[in-house]
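The values are calculated or read from the model by the stated rules, or taken from the named source; none is laboratory data. None of these values were measured; they are calculated from a predicted model. So basically every Cβ, Gly included, is an ideal-geometry build from the backbone, and we count neighbours across all protein chains shown. Each accessible area value is taken on the protein alone, full model and side chains, heavy atoms only, with ligands, DNA and RNA left out. Shrake-Rupley method; radii C 1.70, N 1.55, O 1.52, S 1.80 Å.
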Amino acid sequence: VGTDGRYWVAFNRAIGSFAPDGSDVKMVLEVDDASFLTVRASEDGTIWAGGYNTGTYHIDPATGKKEFYPTLVDNSVLDCVYDIFEDNRGDIWVGGLNMQLTRLHKLANKTYEKAHYPITLVNTMTQLSDDKIVVGTTDGFHTVDLNTGETKQYLDDEYRFEGTNYICDARTRLGHEVWLATAGAGLLCYDVELDSLAAFGLDEGLPSLELRGMTMMHDSILYISTENSGLFVFDCGLRRYERCLKTSDDLPIDEFYQNSGTMTPDGGLLFGGDNGVVTLTTTDMHTDLRQFEIVVEAANLHDDIVNVDLDTRSVDLMLTTNDIYHQKEYTFYYRMAGVEDQWTLVDNSRHIRFSHLPAGTYQLEIHAVGAANQVSARSITIDVDATNWSLIMMLVSIALAILSGVMLYLAYKKKTK
């Protein structure tokens with residue numbers, strides 16, 4: 001989706017766009033002998049595109065200017081470009097079949113400084129954290145450090161994963177989970193911090209092991225396309241398959257292409273397939289939209305305010321919902337407004353605990369997502385009293401003890417006179 005709000009599509013022999021309602025189709029690039037595979041809209045409003053033996057195209061829809069790079073790595077043949085990605089620093093990454101992964105950094109004179117990395121067979125790229133990206137290939141995936149350029153490969157042993165580690169698409173979660181759609185091994189989740197792997201396949205209810213594209217909402221809900229089994233929903237927080245949508249459910253097509261899923265600014269879903277682009281809403285992917293409210297339990301909680309003594313400086317909040325029959329279906333997140341920007345996933349205990357809080361007033365934001373992707377939010381004020389009652393009570397006790405001693409002494413002196 002471009003900054004102009006239009007949906008951009010890589011057709012076989014053209015790059016085009018259309019309005020959100022499907023009208024006003026425009027072609028900005030047509031090449032008779034091309035086979036385009038990817039198109040990306042960058043933050044500056046320009047469009048990057050490429051495909052099989054096409055090289056790389058850079059297009060400015062506003063001016064009509066087109067730049068063509070037959071090869072970024074000085075090959076004797078045109079680059080096979082399978083994915084183009086813009087990182088959080090504005091650099092453009094181009095990867096594909098017969099070329100090294102290339103990073104394009106825009107200079108002040110509007111030319112691009114190139115850097116190459118020893119990674120080929122690239123299918124997909126995505127951001128992992130502020131300083132790392134994930135690169136999915138036909139032989140596992142790599143991470144690239146944006147500061148040092150260091151690369152590291154994971155899942156490079158294909159025989160461990162149902163005979164394939166071919167990555168079609170990737171999404172990241174919580175800064176350390178890498179969710180991978182594979183061509184034959186179902187859904188994989190690799191935790192780069194714990195160096196651990198979890199696999200989700202037919203035994204977990206997935207409708208297919210041949211996955212193609214993915215998009216993620218609320219850092220929890222994955223929408224996944226398959227080779228020929230439609231679309232399905234997977235909850236990363238609960239680690240379970242939710243629902244599948246096929247042509248028998250009025251889905252226009254069942255067959256999709258790899259790395260073809262994206263989300264629109266208004267929360268819609270787009271998936272590219274063998275017969276055009278399928279546009280859906282998240283509600284199309286769910287059967288039940290139970291509305292709910294977040295329930296919070298904590299000591300000294302009244303009217304969404306928790307009062308905490310400075311000598312205690314700790315608080316424990318228990319989270320549930322008013323949907324008492326489906327508690328396990330909800331995923332909770334929290335952040336302290338003004339203190340942290342990132343949302344933190346609440347574990348299965350459903351508790352949020354803070355200790356050693358300095359004196360002050362805090363605003364705790366709580367966000368919950370249901371299995372049907374319905375959302376609820378609540379804000380709790382945590383007020384840590386600046387008055388150190390323990391110290392005051394100790395000083396009062398000492399003062400009373402001294403006063404009692406003085407009075408006893410005076411009474412004794414009076415009695416002995």
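Taking the C-alpha atoms only, the angle from helix 389-416 to the longest principal axis of the chain is near 10 degrees. Here's how it looks for residue 308: its modeled amide H is under 5 Å from those of 383, 384, 385, which are all 5 or more places away or on a different chain. Considering the values (1) 54, 26, 20; (2) 44, 28, 22; (3) 40, 25, 20, which represents semi-axes √(5λ) of the Cα gyration tensor in Å as calculated for the structure under consideration? Comparing each candidate, only (1) matches the computed number.
Cross-link list 132/152; 26/114; 65/110; 65/106: which exceed 21 angstrom alpha carbon to alpha carbon? The pairs that break the limit, which is 21 Å between Cα atoms, are 26/114.
Excluding ligands, DNA and RNA, the accessible surface per residue across the range 272-364 is 59 Å² with a 1.4 Å probe. The modelled label-to-label distance between residue 304 and residue 32, using points 7 Å beyond Cα along the C-beta direction, is 6.5 nm. On a per residue basis, the range 1-93 carries 48 Å² of accessible surface, using protein heavy atoms and a 1.4 Å probe. Just the protein heavy atoms count here, and of the accessible area of the chain at 1.4 Å, carbon and sulfur take up 50 percent.
Taking 46, 71 and ordering them by how much accessible surface each has at a 1.4 Å probe, largest first, produces 71, 46.
Charging the Cβ of each Asp and Glu at -1 and of each Lys and Arg at +1, and nothing else, the dipole of the range 179-272 about its Cα centre rounds to 100 debye. Each residue was assigned an accessible area with a 1.4 Å probe, and for residue 43 the value is about 150 Å². Length gain on complete extension for the stretch residue 23 to residue 264, per 0.36 nm per residue less the alpha carbon to alpha carbon distance? Roughly 85.1 nm would be gained on extension.
Applied to the range 166-173, the Karplus parametrisation 6.51 cos²θ - 1.76 cosθ + 1.60 on θ = phi - 60° returns per-residue 3J(HN,Hα) values of 6, 8, 8, 7, 8, 9, 10, 8 Hz, with x for Gly and Pro.
Overall, the chain carries a charge dipole of about 1980 debye about its Cα centre when +1 sits on the Cβ of Lys and Arg and -1 on the Cβ of Asp and Glu, all other atoms neutral. By the Stokes-Einstein formula, at 0.692 mPa s and 37 °C, the range 306-374 with its Kirkwood radius over alpha-carbon pairs has D equal to 244 µm²/s.
Of the residues 102, 265, 405, the one whose Cα sits farthest toward the positive end of the charge dipole of the chain, with +1 on the Cβ of Lys and Arg and -1 on the Cβ of Asp and Glu, is 405.
For residue 243, the amide hydrogen comes within under 5 Å of the amide hydrogens of 233, counting only partners 5 or more places away or on other chains and with H modelled in the peptide plane.
When shorter helices are ignored and each DSSP H run of at least 4 residues is given -39500 (n - 2.57), the per-residue value for the chain at 222 nm works out to -2500 deg cm²/dmol. Converting phi to 3J(HN,Hα) with the Karplus coefficients 6.51, -1.76 and 1.60 and the offset θ = phi - 60°, the range 212-223 yields 10, x, 8, 8, 10, 10, 6, 6, 8, 9, 9, 10 Hz in sequence order, with x at every glycine or proline. Couplings for the range 83-98, taken from phi via the Karplus curve 6.51 cos²θ - 1.76 cosθ + 1.60 with θ = phi - 60°, read 7, 10, 9, 10, 7, 6, 9, x, 7, 9, 10, 10, x, x, 7, 9 Hz in order; Gly and Pro are left as x.
Only beta bridges with both residues in the chain are counted; by DSSP, about 95 percent of them are antiparallel. Taking the empirical scaling 2.2 N^0.38 Å for compact globular proteins as reference, the range 99-234 has a Cα radius of gyration ratio of 1.09.
Taking 334, 241 and ordering them by how much accessible surface each has at a 1.4 Å probe, largest first, produces 241, 334.
Largest GNM mean-square fluctuation among 383, 254, 303, using the chain with Cα springs under 10 Å: 303. Amide H contacts for residue 137 (H built 1.01 Å from N in the peptide plane; partners 5 or more residues away or on another chain; cut-off under 5 Å): 123, 142, 167. At the residue level, residue 398 shows approximately 80 square angstrom of accessible surface with a 1.4 angstrom probe and all protein chains present. The separation of the range 105-131 from the range 320-363, counted between C-alpha centres, amounts to 36 Å. Kirkwood hydrodynamic radius of the range 173-255, from the reciprocal of the average inverse Cα-Cα distance over all distinct pairs: 12.9 Å. Once the chain from residue 197 to residue 357 is taken as fully extended at 0.36 nm per residue, the excess over their C-alpha distance is 54.1 nm. Taking 0.36 nm per residue of separation and subtracting the Cα-Cα distance, full extension of the segment from residue 88 to residue 336 would add 86.9 nm. Take the Cα of residue 12, step 7 Å along the line toward its Cβ, and report every residue of the range 247-288 whose backbone nitrogen sits under 14 Å from that point. The answer is 273-276.
The alpha carbon centroids of the range 236-301 and the range 168-234 are separated by 13 Å.
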